[in-house]
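All remarks here apply to the structure that follows.
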Amino acid sequence: MIDLLQIAVFNAAYADAIDSDDLERWPSFFTAECNYRVTSIENYRAGLAAGLVWADTRDMLTDRVSALREANIYERHTYRHLIGIPLITEASDSTAQARTPFMVARIMHTGETDVFATGVYLDRFIRQDGQLLLSERIAVCDSSVVDTLLALPL
Amino acid sequence: MIDLLQIAVFNAAYADAIDSDDLERWPSFFTAECNYRVTSIENYRAGLAAGLVWADTRDMLTDRVSALREANIYERHTYRHLIGIPLITEASDSTAQARTPFMVARIMHTGETDVFATGVYLDRFIRQDGQLLLSERIAVCDSSVVDTLLALPL
Amino acid sequence: MIDLLQIAVFNAAYADAIDSDDLERWPSFFTAECNYRVTSIENYRAGLAAGLVWADTRDMLTDRVSALREANIYERHTYRHLIGIPLITEASDSTAQARTPFMVARIMHTGETDVFATGVYLDRFIRQDGQLLLSERIAVCDSSVVDTLLALPL
């Protein structure tokens, strides 16, 4: 059965890829067909599907990383994710659902650091060939202002 | 024996109830007779018993939630708790004591996010009918300024 | 084998010693010969060895605590560490390597709280007489500005 520690380790690796600027590894945490979204709690509750960031294949995530690299936007700042203990709402040998809080600090090139985003990941995991992957991650941000600044993945 | 993972999962559920505006579930994490306090490290060290927020029954916690709902104060902002790994200082089959760090971000209606409170939970747990409950939670805040702004539970 | 929970508990105790102003216990988390450094990601990537804070014995850490006590600098503020789940990159019965994210809030005497430092611990653990100890902790800060303000240990 997929358990708390497996998900916690997965999330630690996921955050580390983003925060250590190893963005090219980020899509590898998802299944080939997947649902990745960043939205706000207001939009999520209103049932608005898309949010500001949206992808439904791993290739779209890869494209997004390429775009970030080309635009060099990502060089202006880095993130540091602190991810909480997952609340598992459903689990079997090969699938799991969890909601997990996150807090992301943003470190500007000037060194200035602030709390950039907080919220909860609504996740669906699947085990494929022994490896845990996200078939869905909806990052529901507590603030609706975060969207307009969003560059790196949450 | 009550162990680290059980307490970590308990804390994750506790935080989720508050942060997802499911406040009515908050009192259910406590025993009928309980000690809930929010205080500052200065007051705690000085042995001042009460602190700003204080309750010794679950019913008082329920009253507090009702008051928050009626006043609609809580709609002006939300919290996001990040709760650390518990340090268990005593544990048996049916009871445990732990100290656990927390960091709480506050998200204003305008979207502005800041670190609202940090500190440590001083907890006494008890297992009743197979369920873990708090007989005592003293939220000792690192800052003494936090009190005056306090609305939602920590 | 040294595992995730053992390291997580170690980190919780480490943070608690610093954040509860029990600094004299801080050196006891290290081996007699050890490598403790605080540096920035920029300096770390540039291969600059020292960083702003640097020690290679436990005695040097003890001296640092004494200096802080005498200078009374540490009284002006406290820290609150939130430490993430360790990513273990190597482990055996008696040694382990891990990288673990941290977020540290600083609480000024006035009560003002901000995110002081974020980054990742690059750690080498060793088990001596049944006790887990750090033979190396390099605190790599995401911001290079943090150094100039540094007083308490990270």
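Give the calculated FRET efficiency between A:Ala71 and B:Ala13 to the nearest 0.05, with a Förster radius of 41 Å applied to their Cβ-Cβ distance.
0.55
What gaps in nm, shortest first, separate B:Ser92 from its twins in the other copies when you place the label 7 Å past Cα toward the beta carbon?
So the label point of B:Ser92 gives 4.2, 4.2 nm to the other copies.
Return the whole-Å distance between the Cα centroid of segment B:78-147 and the Cα centroid of segment A:1-76.
Taking the Cα centre of each part, segment B:78-147 and segment A:1-76 sit 29 Å apart.
How far is B:Glu33 from the same spot in each other copy, in nm, shortest first, if each label point sits 7 Å from Cα toward Cβ?
Spelled out, the distances from B:Glu33's label point are 5.8, 5.8 nm.
Binned at 5 Å from 0, what are the whole-percent values of the Cα-Cα distance distribution for segment B:102-144, short to long?
Going out from 0 Å in 5 Å bins, segment B:102-144 shows 6, 19, 17, 16, 15, 12, 10, 5, 1 percent.
Placing a label point 7 Å from Cα toward Cβ, how far apart in nm is A:Ala46 from its equivalents in the other copies, listed shortest first to one decimal?
4.7, 4.7
Under unit Cβ charges (Lys, Arg +1; Asp, Glu -1), what dipole magnitude, rounded to 20 debye, does chain B have relative to its Cα centre?
It comes to approximately 200 debye.
Among B:Thr89, B:Thr118, B:Thr62, determine the one that fluctuates most according to a GNM of chain B built with springs between C-alpha atoms less than 10 Å apart.
B:Thr89
A:Thr113: net charge of surrounding residues, Cβ under 10 Å, Lys/Arg +1, Asp/Glu -1, itself excluded? List each step's numbers first, then the result.
Numbers: positive: A:Arg80, A:Arg106; negative: A:Glu112, A:Asp114, C:Asp114, C:Asp142.
My count for the surroundings of A:Thr113 gives -2.
So what's segment B:1-126 giving for Rg/Rh, alpha carbon basis, Kirkwood Rh from the mean inverse pair distance?
0.96
Run the quick spin-label model on C:Met108 and B:Leu5: label points 7 Å from Cα toward the beta carbon, then report their separation in nm to one decimal.
4.4
Report the extension gain between A:Asp21 and A:Gln128 in nm, rounded to one decimal, defined as 0.36 nm multiplied by the number of residues separating them, less their alpha carbon distance.
Details: separation 107, 0.36 × 107 = 38.52 nm, distance 2.58 nm.
Result: 35.9 nm gained on full extension.
As a check on your grasp of the helix formula, calculate [θ] at 222 nm for chain B: sum -39500 (n - 2.57) over DSSP H runs of n ≥ 4, divide by the residue count, round to the nearest 500.
When only DSSP H runs of four or more count, the value is -7000 deg cm²/dmol.
For segment A:26-108, what is the relative contact order in percent, using Cα pairs closer than 8 Å and at least 6 residues apart in sequence?
Relative contact order, segment A:26-108: 23 percent.
Tell me the Rg and the Dmax, in Å, that the Cα atoms of segment B:68-149 produce.
Here Rg and the maximum Cα pair distance are 15.5, 46 Å.
Rounded to the nearest whole Å³, what is the per residue volume of the convex hull around the Cα atoms of the protein assembly as shown?
Output value, Cα hull per residue: 151 Å³.
Taking the Cβ of C:Leu133 as the center, what net charge do the other residues with Cβ under 11 Å away carry, scoring Lys and Arg +1 and Asp and Glu -1?
0
Mean separation of Cα pairs under 8 Å and 6+ residues apart, divided by the residue count of chain C: what relative contact order is that in percent?
Contact order relative to length: 27 percent.
Taking a ≥ b ≥ c as the square roots of the eigenvalues of the Cα gyration tensor of segment B:25-89, is the shape rounded (a/c under 1.5), prolate (a/b larger than b/c) or oblate?
Taking the square roots of the gyration eigenvalues as a ≥ b ≥ c, segment B:25-89 is rounded.
Rule-based calculations on the coordinates, nothing more; no lab input. Small disclaimer: the values here were computed from a predicted structure and weren't measured. Ideal geometry is used to build each Cβ from the backbone, glycine not excepted, and the neighbour counts take in all protein chains shown.
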